[in-house]
1. Under a 5 Å amide H to amide H cut-off, with H placed in plane at 1.01 Å, what residues pair with Val79 once short-range neighbours are removed?
2. So what is the relative contact order for the chain, in percent, with contacts set as C-alpha pairs under 8 Å and at least six apart?
3. Going by Cα centres, the stretch 125-159 and the stretch 1-68 are how many Å apart?
4. From the helices alone, meaning DSSP H stretches of at least four residues, give me the mean residue ellipticity at 222 nm for the chain, per-run term -39500 (n - 2.57), in deg cm²/dmol to the nearest 500.
5. Return the equivalent ellipsoid semi-axes of the stretch 1-117 as a descending list in whole Å, where each equals the square root of 5 times an eigenvalue of the C-alpha gyration tensor.
6. Report the antiparallel proportion of the DSSP beta bridges in the chain as a percent, rounded to a multiple of 5.
7. Can you order the peptides 38-46, 70-78 by their average number of other Cβ atoms within 10 Å per residue, highest first?
8. Using each residue's phi in the stretch 120-125, evaluate 6.51 cos²θ - 1.76 cosθ + 1.60 at θ = phi - 60° and report the 3J(HN,Hα) Karplus result to the nearest Hz, with x for Gly and Pro.
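What follows is calculated from the coordinates using simple rules that are stated; it is not laboratory data. What you see is a predicted model, and the numbers here were worked out from it, not measured in a lab. Note that we place each Cβ from the backbone using ideal geometry, even for glycine, and neighbour counts take in every protein chain shown.
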Amino acid sequence: MDIIFSDCSVRYGERTALEPLSLRIEGARLGVIGLNGSGKTTFARLINGLSLPSTGRVTVNGIETSAEPERARTEAGFVFQNPQNQLIMPVVEEDIMFGLRARGLKACAAEERAAEALARFGIEALARRRVHELSGGELQLAAMASVWALRPRILVLDEPTNQLDLRNRRRVIDAIDAMPEDAVVVTHDLSFAAHMPRLLLFHGGRLLADGAPDETIARYHEIAGC
Ligand SMILES: Nc1ncnc2c1ncn2[C@@H]1O[C@H](COP(=O)(O)OP(=O)(O)OP(=O)(O)O)[C@@H](O)[C@H]1O
């Protein structure tokens, strides 16, 4: 991936969610950590144009999000913190197909692509299951499959292991590790974060640390005071 933040800030009225940030992100994996409300989701949403900067600009693989938000959303797919808010169709396979059909794929091509996505995340057995019956881990995998099926070159995952038991956490981490696409992962799961080649720490809307996981996590413990 090649993501460039150029003097980019986000304000909501009087509140500054992200202080001016200039940063370049390359490579296949990036982790993002920080306390609640520190600006991680704000940062992540900027990557695919879900949020647009109040000042400055963000380019994602050469696409400026403010100028071409639709293209930015195709380039970078976003998997939300609460997957139940993301899956809109009643049945898993239908949800995957829905996004593909909305992108103009014919039914048979969409079916093929949905089957491929289910296989990629090892959830073929969930194809005909009703979304509201799924466990947290199953939901997370289904949401990832649904976004992955759209073939974004980058996946932005907001707390993908949140609320998962040990086994589902492992499944989700393994699925992310095995994805050939680039990924930006926002997480409170420090042992997962420790495996990222580069880790960012946000604090009060500012980028406080950017580097190897050991150093970034040590800094996080310092500011958290525990
Ligand atoms: N739409 C919005 N309107 C007003 N303020 C917002 C909005 N979205 C986020 N904020 C504020 O911006 C700040 C950063 O929020 P953000 O969601 O980026 O934090 P976070 O680090 O992802 O937190 P968490 O770990 O709790 O998910 C917070 O103070 C939040 O209240």
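1. Amide H neighbours of Val79: Val156, Leu157, Asp158.
2. Details: 441 pairs, mean separation 57.6, N = 226.
Computed value for the chain: 25 percent relative contact order.
3. 24 Å
4. Working: 8 runs with 82 residues, N = 226.
Roughly -10500 deg cm²/dmol at 222 nm, from the helical runs in the chain.
5. Its equivalent ellipsoid spans semi-axes of 30, 17, 13 Å.
6. That works out to approximately 55 percent antiparallel.
7. Values: 38-46: 23.2, 70-78: 20.1.
Per-residue mean Cβ counts within 10 Å order the peptides as 38-46, 70-78.
8. Karplus-based 3J(HN,Hα) across the stretch 120-125 equals 4, 9, x, 10, 3, 5 Hz.
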